[in-house]
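Encoded as structure tokens, the structure appears first; notes follow it.
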Amino acid sequence: MPGAVPDEQERLTPVAAGQRVRVSVPATVGNVGPGFDCIGLALDVRDELTVDTTPGAALTVDVVGEGAGQVPTDERHLVVRTIRRTLERAGYEAPALHLSAVNVIPHGRGLGSSAAAIVSGVLAANALLPADARADEEEIFQWCSRLEGHPDNVAPALFGSLVLSWERDDETFGHAVVPVDPAVSPVMAIPTTELSTEVSRALLPPSVAHAQAAANSGRAALLVHAISTAPVLLLPATRDYLHQDVRAEAMPASAELLRILRALGFATVISGAGPSVLTLAVDAGQHDAVVRAIEEHLARVGDLDRWTVITPAVGREGARIEEHRD
């Protein structure tokens, strides 16, 4: 964002009351296969956030869908905190806010719900600023990545498609959008159980063998080629050597579903930090076969009522401002 963070004693300028901003943001899959912390995929499942600035000093938050009745509806709400920090960074404040969140992205299932909240809050806050104070696309990406802590979910949430991200030598982040072959169709199996990213990340070893790192690098490079131009190679391209096996103990049902689907020849990965399971089908026939295989396995182990299977398209569009009235 332009300018430095204001001093705590510095008076912030109120943004204009009477504005309405409506933003939509896609779900994302981080850690795609071997792309640990660096490859993310957008899915066409979108949360929607509406922000109104009103006279006075009240804050109201309404949540419909995922997280309703569970997430805080006061200043602790992640979107509220994101909006406040983004405005303050530019030297502004919004004394009174009304937020309406329509959430479709599951929470705690490896589908980027926190990244979606951060991106929606930053985009909404940026739109509320006067035109000459607004950040550009690159500044928004850097700020969202800083707030989230890493860019692998933020990048596809902002830009759509498959996105490669990396840390530059100056500790900022870079990104590159990779087009996804139209034949690729995601199938997502989502359990009712949640798994926090912190718990999942705590299972990772502090170091890995050189051979593992080299093997993973090769598969990550192959993944970029396979998903963009050669989907037939997605099965070997999605083999991971860094994180999925060591995290299996935290999500045994997901690990077993992953093992079965890959044994059947499907390009299946753990979605983000888990516990959802993503398969990248390479044609319509395989897409239907994946759905059948998942449902048959879940029926066999008596888990049909504890999982949901969805078939979203690749999210070829990233976050967008749907409406802005001032």
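The values are calculated or read from the model by the stated rules, or taken from the named source; none is laboratory data. What you see is a predicted model; the values in this text were computed from it and never measured. Every residue, glycine as well, gets a Cβ built from its backbone with ideal geometry; the counts of neighbours run over all protein chains shown. Remember, those area values only see protein heavy atoms, side chains included, never the ligands or the DNA or RNA. Shrake-Rupley method; radii C 1.70, N 1.55, O 1.52, S 1.80 Å.
Taking the Cα of Glu256, stepping 7 Å toward and past its beta carbon, and measuring to each backbone N in segment 178-200: which are under 19 Å? Residues 189-195 qualify, since their backbone N sits under 19 Å from the label point.
A simple spin-label model places the labels of Ser196 and Ala68 2.6 nm from each other, with each point 7 Å out along Cα-to-Cβ.
Taking the accessible area of segment 271-326, probe 1.4 Å, and keeping the other protein chains in place, the carbon and sulfur fraction comes to 45%.
Between the residues Ser114, Leu264, Gln244, the greatest Cα displacement towards the positive end of the dipole of the chain, with unit charges on the Cβ of Lys, Arg, Asp and Glu, is found for Leu264. Run the Debye formula on the Cα coordinates of segment 1-155, all scatterers equal and no solvent, and tell me log10 I(q)/I(0) at q = 0.20 1/Å. Evaluating at q = 0.20 Å⁻¹ gives log10 I(q)/I(0) of -1.28.
Placing pseudo-labels 7 Å out from each Cα toward the beta carbon at Glu138 and Ala313 gives an inter-label distance of 3.2 nm.
With a 1.4 Å probe and every protein chain left in place, work out the accessible area per residue of segment 30-113 in Å², rounded to a whole number. Please list the in-between numbers first.
Details: 3170 Å² over 84 residues.
The answer is 38 Å² per residue.
What number comes out for accessible area per residue over segment 199-251 if the probe is 1.4 Å? Units Å², please.
I get 51 Å² per residue for segment 199-251.
If R0 equals 25 Å, the separation of the Cβ atoms of Ala221 and Ala284 corresponds to a calculated FRET efficiency of about 0.35. Rg and Dmax of segment 244-326, both derived from C-alpha coordinates alone, stand at 15.7, 55 Å.
Expressed as a whole percent, the accessible surface of segment 51-209 that belongs to carbon and sulfur atoms is 53, based on a 1.4 Å probe. Histogrammed with a bin width of 20 Å, the alpha carbon distances of the chain distribute as 32, 54, 14, 0 percent, first bin at zero.
Determine the per residue accessible area of segment 276-326 with all protein chains present and a 1.4 angstrom probe, expressed in square angstrom. Could the numbers behind the result be given before it?
Working: 2710 Å² over 51 residues.
Spelled out: the 1.4 Å probe surface of segment 276-326, per residue, equals 53 Å².
Helical runs assigned H by DSSP (4 residues or longer) give the chain a calculated mean residue ellipticity at 222 nm of -10000 deg cm²/dmol, each run adding -39500 (n - 2.57) before division by the residue total. The distance linking segment 136-153 with segment 102-121 is 15 Å (Cα centroid to Cα centroid, whole angstrom).
Just checking the listed ones, Val177, Val64, Val163: in the Gaussian network model of the chain with Cα springs under 10 Å, the one fluctuating most is Val64.
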